[in-house]
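Below is one structure, written out as structure tokens; comments come after it.
Every read-out reported here was derived from the displayed coordinates using simple, explicitly stated rules and does not represent laboratory data. The model shown is predicted, which means the values in this text are computed figures rather than measured ones. Heads up, the Cβs are rebuilt from the backbone with ideal geometry, glycines too, and the neighbour counts pull from every protein chain shown.
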Amino acid sequence: MAEVGDGKWLVLVVRVPSAPSRHRVAVWRELRRVGALSLGQGAWAVPDVPGFAGGVARAAELAERGGGEVITLDAAERDGSRLLELFTAEREEEWAEFLADCGKFDAEIDKEIRVGKFTMAELEEEEQSLERLRRWHRDLKARDVFGAPSAGDADAQLAHCADRLAEYTERVFQALHQM
């Protein structure tokens, strides 16, 4: 497979019978999960890098289970870098959503501090929320092979969320030990 940035892509032509729809939906979900770029009716593209091979193989397996197929083509753009632009724009949208959820996490910590809710149950809930953000961040990083502009902001915001949780954890333990 090619190195990131050399303009090599895999184009996937997906053909799955329309009924039952669960097979088409399963393939679509897998391609979205892996970060494939939808090019239109049954056509998808991913950078030709090792990180996408597993998702492409899973999508092909799901298509076959549904009586369909995925035809994989090697591709390179003739003019410009439109696929790169579209792919990066999708990653930017994902990072924006991630950053919004980090903001919600921060606001939730602020609320719990403001109302004085320093319980182990609430702490566990916030720890789970941060772990979800960490998994999401890891998944986005794996897909963002070209380095979308907001990736650095997301790294910093995740670190901020971890710091906020550490601050909240300290307050919970102080409150519990005062009892």
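I'd like the FRET efficiency for Leu86 and Ala156, computed as 1/(1 + (r/R0)^6) with the beta carbon distance as r and R0 of 22 Å, rounded to 0.05.
Efficiency computed from Cβ-Cβ geometry: 0.25.
Could you work out how far the C-alpha centroid of region 107-158 sits from that of region 16-62, in angstrom?
Going from one Cα centre to the other spans 28 Å.
Only Lys, Arg, Asp and Glu count, each charged at its Cβ (+1, +1, -1, -1), so figure out the dipole size of the chain about its Cα centre, rounded to 20 debye.
720
Treat every Asp and Glu Cβ in region 8-76 as -1 and every Lys and Arg Cβ as +1, leave all other atoms uncharged, and give the resulting dipole magnitude about the Cα centre to the nearest 20 debye.
Details: 9 positive and 6 negative charges, 62 e Å.
Computed about the Cα centre, the dipole is about 300 debye.
Which residue, Gly40, Gly103, Gly152, tops the fluctuation ranking in a GNM of the chain built on C-alpha contacts under 10 Å?
Top of the fluctuation ranking is Gly40.
Please rank Val14, Val56, fewest neighbouring Cβ atoms within 10 Å first, as an exposure proxy.
With the sparsest Cβ surroundings first, the list reads Val56, Val14.
Using a Förster radius of 41 Å, what is the FRET efficiency between Asp139 and Arg114 based on their Cβ-Cβ separation? Nearest 0.05, please.
0.80
Per DSSP H run of at least 4 residues, take -39500 (n - 2.57); add these up for the chain, divide by its residues and hand me the 222 nm value, nearest 500 deg cm²/dmol. Don't skip to the answer; put the middle values down first.
Details: 5 runs with 112 residues, N = 179.
Rounded to the nearest 500, the figure is -22000 deg cm²/dmol.
Assuming R0 = 25 Å, what is the FRET efficiency of Leu39 and Glu64, from their Cβ-Cβ distance, to the nearest 0.05?
Result of the calculation: an efficiency of 0.75.
What number, in percent, do you get for the relative contact order of the chain if the mean sequence gap of Cα pairs under 8 Å and at least 6 apart is divided by its residue count? Numbers along the way, then the final one.
Numbers: 198 pairs, mean separation 44.5, N = 179.
Reported as a whole number, the value is 25 percent.
Ordered by residue, what ³J(HN,Hα) values in Hz, to whole numbers, does region 68-81 give under the Karplus form 6.51 cos²θ - 1.76 cosθ + 1.60, where θ = phi - 60° and Gly and Pro are x?
Ordered by residue, 3J(HN,Hα) equals x, 7, 10, 9, 10, 10, 6, 8, 9, 6, 7, 10, x, 9 Hz.
If a helix is a whole DSSP H run, which ones in the chain reach 24 Å or further along their own axis (Cα) and hold a mean Kyte-Doolittle hydropathy of at least -0.5? The partial results should precede the final answer.
Details: long enough: 82-115 (49 Å, -0.45); 120-143 (35 Å, -1.61); 151-177 (39 Å, -0.33).
Those that pass (Cα extent of 24 Å or more, hydropathy at least -0.5) are 82-115, 151-177.
Can you sort Phe118, Phe173 from fewest to most other Cβ atoms within 10 Å of each residue's own Cβ?
Phe173, Phe118
Which one, Ala96, Ala159, Val172, projects farthest toward the positive side of the charge dipole computed for region 83-177 from Cβ point charges (K/R +1, D/E -1)?
My answer, from the dipole projection, is Val172.
Once fully extended, how much extra length lies between Glu93 and Lys8, figured as 0.36 nm per residue of separation less the alpha-carbon to alpha-carbon distance?
Contour length minus Cα-Cα distance gives 28.3 nm.
Just rank Ser18, Ser129, fewest to most, by other beta-carbon atoms within 10 angstrom.
Lowest count first: Ser18, Ser129.
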